[in-house]
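What follows is calculated from the coordinates using simple rules that are stated; it is not laboratory data. Keep in mind the model is a prediction, meaning the values are calculated, not measured. Glycine gets a Cβ as well: all are built from the backbone with ideal geometry, and neighbour counts include every protein chain shown.
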């Protein structure tokens, strides 16, 4: 069974996801609304978010298994990473946001990277040949971990994959009162092919709310 999938992004008024001041506390406070069982973050998003962090070198803690606690209701962190680019799991494990970690791999994920994950007790889901089959991976998250709600914490590329495959139930945007300008490559739906009217994804507005800082929170159901 597929879990419910929610895309949640903060954008400027002209549709960019970068170049403006984001109230990160406000964003993640609103994100608690869905009580997600898993946060799905693209590999690019993880690499970008840790690029400016002072990521420490690995130490012996990187190889310790996570302690399972049935009363821990935090989300899983799930990252599609078919090419094995994310190598900062030791740092992610030190952050207080997640109770467990899952790497989504394909049959072409390098064996060296699979060995790296195994030594660090990062769970793997294998789905797809050359790329991660996100539909199969979501179904496995549901059956293996009981994941019923997934909040996508990513950019336009992964969002586009999920939307085009009909896997998204809700699109939520937090619009900030800022105009960034420039040529927007980083948007919430980065589909390189201009959609025809028949392939445009229709939405239905379900919630509109003005929040702190003159931002507007919009929620839409995807019409399937």
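Beta bridges from DSSP with both residues in the chain: antiparallel share about 35 percent, rounded to the nearest 5. On the beta carbon distance between residue 121 and residue 85, with R0 = 25 Å, the FRET formula returns roughly 0.80.
Under the shape rule built on the C-alpha gyration tensor, where the axes satisfy a ≥ b ≥ c, region 29-172 is rounded, since a/c falls short of 1.5. Here 172, 154, 160, 143 are placed in order of increasing Cβ neighbour count within 10 Å, fewest first, which gives 143, 160, 172, 154. Between residue 51 and residue 190, the contour length at 0.36 nm per residue exceeds the alpha carbon distance by 47.9 nm. Per-residue Cβ neighbour counts within 10 Å put 189, 8 in the sequence 189, 8, beginning with the fewest.
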